1. Give Val291, Val300 a once-over and let me know the one that is farther than 26 Å from Glu82 by Cβ, over 19 Å from the mean Cα position of the chain (by Cα), surrounded by fewer than 19 Cβ atoms within 10 Å (Cβ to Cβ) and among the hydrophobic types (A, V, I, L, M, F, W, C).
2. Yes or no: Leu91 at pLDDT 95 or above, surrounded by 21 or more Cβ atoms within 10 Å (Cβ to Cβ), in contact with a Phe, Trp or Tyr (Cβ under 6 Å, 6 or more places away or on another chain) and outside any loop (DSSP other than H, G, I, E, B)?
3. Looking at segment 189-199, is at least one residue part of a helix (DSSP H, G or I) and open to solvent by 20 Å² or more (accessible area, probe 1.4 Å)?
4. Filter segment 94-103 down to the residues that are touching a helix residue (DSSP H, G or I) at 6+ places or on another chain (Cβ under 7 Å) and either loosely packed, with under 12 Cβ neighbours inside 10 Å or not β-branched (Val, Ile, Thr) (or both) and list them by number.
5. Only one of these conditions is not met by Glu268: (1) open to solvent by 50 Å² or more (accessible area, probe 1.4 Å); (2) more than 21 Å from Leu192 (Cβ to Cβ). Which number is it?
6. Output the qualifying pairs, or none if there are none: Cβ atoms under 7 angstrom, residues six or more apart or on different chains, first residue in segment 23-44 and among the polar types (S, T, N, Q), second residue modelled with pLDDT under 95 and not in a strand (DSSP E or B).
7. Can you confirm whether Met202 is within 22 Å of Met112 (Cα to Cα) and either touching a strand residue (DSSP E or B) at 6+ places or on another chain (Cβ under 8 Å) or open to solvent by 30 Å² or more (accessible area, probe 1.4 Å) (or both)?
8. Return yes or no: is Thr52 open to solvent by 50 Å² or more (accessible area, probe 1.4 Å), under 30 Å from Arg171 (Cβ atoms) and within 18 Å of the chain's Cα centre (by Cα)?
Amino acid sequence: MLSRLSLLLSVIGMMLAQSANAGLNVFACEPEWASLAEALGGDQVRVTSATTARQDPHHIEARPSLIAKLRRADLLICSGAELEVGWLPMLQRKAGNRQVLTGQRGYFEAAMLVDRLDVPEVLDRSMGDLHASGNPHVHLDPHRLLTIAMALSERLIELDPENGALYEQRRNDFNQRWQNSIEAWEQSAAPLKGLRVVVHHMDWSYLFDWLQMVNAGALEPKPGLPASASHLTSLKQEMEQNPAAAILYTHYQSPKAAKRFSQLSGIEVVELPYTVGGAVEVTDLFSLYDVTLKRLLKLVQ
C-alpha cells in the first residue's frame with residue numbers, strides 16, 4: 001500500500017513539475033507570426049497557425065478546429081490593423097476564451113507596435129478594401145519586424161515568467177542573428193533601389209519602403225477588387241510610358257491576372273513567397289527574406 005502511495009505521489013510530483021514548465025499555447029493568425037513565436041519561444045511554446053501561405057489572410061473560415069485551438073490558447077498573435085477583421089472577432093466570440101480577447105494580455109497585435117504605411121486620410125468604401133489603421137503587412141520590413149519581435153518576447157516573459165530566462169536567451173540570440181542578416185540583406189539588395197514593379201495587391205509596401213523600390217501600379221483597380229480588362233488595358237498604356245521590370249504576385253493569389261497582364265505588356269511575372277511556407281525552401285523568417293531577395297535580384301542581373 002505504501003509503495004503504491006509513493007508511486008502515486010511521485011507521478012503527481014512529475015505532473016506538477018511538467019505543468020510548472022509547460023510553457024504557452026500560442027495561436028497565430030498568420031504563418032509569419034507562428035514562425036516568430038517558435039523562434040522566440042523554442043520548446044516552451046506550442047504554436048498553431050490559423051492560415052497557411054496558400055490562404056488569403058483577409059478571408060478565412062472560422063472553422064470548429066480553429067475555435068477549439070483558440071479556446072485553449074494562452075496567447076493570440078495577429079497582424080491586426082483590420083487584416084483579420086472579417087473572421088477573427090467571430091473566432092474570438094465562439095472560442096469563449098477571455099484571455100485572448102482584444103485588449104487583454106493574451107492578445108498581441110503586431111502592426112500596432114510600429115508606424116504604418118498607407119494610412120488613409122479619408123475612409124470611403126468606394127475606394128476599395130482600405131484598412132483604417134494602415135497597411136497591415138508589416139512583417140516585410142525587417143526593422144519593423146525586429147521591433148515586433150522584441151515586444152513579443154517581453155509578452156512571452158510576462159505570460160510565462162518561470163521560463164523567462166529561456167525566452168530572454170532566445171530573444172538575444174534572435175536579435176543578434178537578425179541584425180547581422182539585415183546588414184547582409186541590405187548590402188546585397190542595393191541594386192534593387194529604384195526598381196519599378198507592378199503588384200497584384202498592396203502586399204509589398206513595407207518591402208518597397210525598406211528597399212526603396214517603386215510600385216509602378218496594381219492589377220487590382222482598387223484594393224480587394226478583382227482585375228478587370230479595362231483596368232489592365234489602362235495599366236498597359238501606363239507601362240508603355242514608364243516600364244516596369246516585373247509583375248509580382250504571391251502564393252495565395254491566383255496567377256491568372258498576372259499572366260494575362262504579362263501577355264498584354266510583355267512584362268515578366270515573378271512569384272514571391274510573402275510569408276513562411278510561400279515556397280518550398282522558405283521554412284522560417286530568415287529564409288523568407290533570403291528567397292525574396294534572391295528572386296528580386298534576378299531582375300537586375
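The values are calculated or read from the model by the stated rules, or taken from the named source; none is laboratory data. For clarity, every value in this text was computed on a predicted model and none was experimentally measured. Positions of Cβ are backbone-derived with ideal geometry, glycine not excepted, and every protein chain shown enters the neighbour counts. Keep in mind that these areas ignore ligands, DNA and RNA; they rest on the heavy atoms of the full protein, side chains included. Shrake-Rupley method; radii C 1.70, N 1.55, O 1.52, S 1.80 Å.
1. Val300
2. Spelling it out, it is not the case that Leu91 is at pLDDT 95 or above, surrounded by 21 or more Cβ atoms within 10 Å (Cβ to Cβ), in contact with a Phe, Trp or Tyr (Cβ under 6 Å, 6 or more places away or on another chain) and outside any loop (DSSP other than H, G, I, E, B).
3. yes
4. Lys94, Ala95, Gly96, Asn97, Leu101
5. (2)
6. Correct list of pairs: Gln44/Gly23.
7. yes
8. Spelling it out, Thr52 is indeed open to solvent by 50 Å² or more (accessible area, probe 1.4 Å), under 30 Å from Arg171 (Cβ atoms) and within 18 Å of the chain's Cα centre (by Cα).
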